[in-house]
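Have a look at the structure below, then the notes.
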Amino acid sequence: MRNRIDRTATVHPSAHVGAKSSVGPGALVGYRASVGQGAKVAPDAVVHRNGILRAFSVLGEQSTLGHQSDIHAETVIEDHVTIGSQVTIGRGVVVGRYSVIDSHAHIADGVRIGQRTHIGRGAMVDHDAIVGTRVTIGSRTVIGVGAEIGKRVQVAAEAVVGAQARIGVNARIANRARVPNGRLVARNRSFSD
């Protein structure tokens, strides 16, 4: 089966669009960008230069993939998401609508990110972590393996949330704080250790 490129989409001649993939109306696939087999670029979405959308992944409607960013296989980027440049997003990730992932961030395999969440520049979210809705993760912050971040949490810059830690709804993690592995930070609390 051939790929489907809408007549109103723009695909740069140097770009690669794999078999069984689709590029929707008004979408843009830029210079030397790559859309893998079975991947979907939704209407009005943009894959900037050297951006990679790997096999069977989805870039949602009006979402943007920055230059030299790499979305691995079977990942779903929902609608109206902005992904900066040189971002890596692992396999099987889901990023909720209206979220922003700043440049140089790294999102590992199996992560779930809720709607309207902001992941700061150079932040790292490790395997199988869950980040709730309307969360703010600061620049160069690390969220450990399997950590759970509740809704409306604010994690300040350069903080570390350990593996399997749980951060309750509306909690605040201070700049450069270190939340130990497995620690529970209760809802509406601040943590600054």
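Things worth noting here:
- For residue 12: the one exception among (1) on the phi < 0 side of the Ramachandran plot; (2) out of contact with any strand residue (DSSP E or B) (no Cβ under 7 Å at 6 or more places or on another chain); (3) at pLDDT 95 or above: (2)
- Of the residues making up the range 110-145, those that are of a type outside the set (S, T, N, Q), within 18 Å of residue 191 (Cβ to Cβ) and not in a strand (DSSP E or B) are 120, 123, 129, 132, 135, 138, 140, 144.
- Among the candidates 149, 167, 89, 173, residue that is closer than 17 Å to residue 63 by Cα and without any contact (Cβ under 8 Å) to a residue 40 or more places away in the chain: 89
- Hits in the range 7-42 - residues which are in contact (Cβ under 8 Å) with a residue 24 or more places away in the chain and either of a type in the set (Ser, Thr, Tyr) or farther than 18 Å from residue 70 by Cβ (or both): 9, 24, 42
- Test: residue in the range 152-166 that is at pLDDT 95 or above, charged (D, E, K, R), assigned to a loop (DSSP other than H, G, I, E, B) and closer than 30 Å to residue 33 by Cα: no
The values are calculated or read from the model by the stated rules, or taken from the named source; none is laboratory data. This structure is a prediction, so every number in the text was calculated from the model and none was measured. Counting neighbours? That spans all protein chains shown, and the Cβs are built from the backbone with ideal geometry, glycine included.
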